[in-house]
1. Using 0.36 nm per residue of separation minus the Cα-Cα distance, give me the extension gain between residue 74 and residue 29 in nm, one decimal.
2. Please work out whether the chain counts as rounded, prolate or oblate from its C-alpha gyration tensor, where a ≥ b ≥ c are the square roots of the eigenvalues and a/c under 1.5 means rounded, while otherwise a/b larger than b/c means prolate and anything else oblate?
3. To the nearest 500 deg cm²/dmol, what mean residue ellipticity at 222 nm is calculated for the chain from DSSP H runs of n ≥ 4 alone, each contributing -39,500 (n - 2.57), summed and divided by the residues?
4. May I ask you to derive the FRET efficiency for residue 62 and residue 38 from their Cβ-Cβ distance with R0 = 35 Å, giving the value to the nearest 0.05?
5. Taking Cα atoms, how many degrees apart are the long axis of helix 46-63 and the longest axis of the chain, rounded to 10 and kept between 0 and 90?
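Every number in this text was worked out from the coordinates using simple rules, so none of it is lab data. Given the structure is predicted, the values throughout are model-derived calculations rather than measurements. Heads up, the Cβs are rebuilt from the backbone with ideal geometry, glycines too, and the neighbour counts pull from every protein chain shown.
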């Protein structure tokens, strides 16, 4: 569907609904297409975002390498004189 911008102003809710149902909405200015109304792709629900974060956390824990605790890092990095070991 092609619709002039000035006409679309009063029909925005209906145009959005039509786009959500799969209709292509082209906004025109002086008869030429200048913009399009379409559903946004890739928008995630809060639940989908949480699941993605949980998945990242699980993978990070699997890849984590146990080493020297941060509180003891200075003992690992420096000798008793305080110089790098």
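1. 9.5 nm is the gain from fully extending residue 74 to residue 29.
2. Prolate, because a/c is 1.5 or more and a/b exceeds b/c.
3. Helix-only estimate at 222 nm: -12000 deg cm²/dmol.
4. 0.35
5. So the inclination is approximately 30 degrees.
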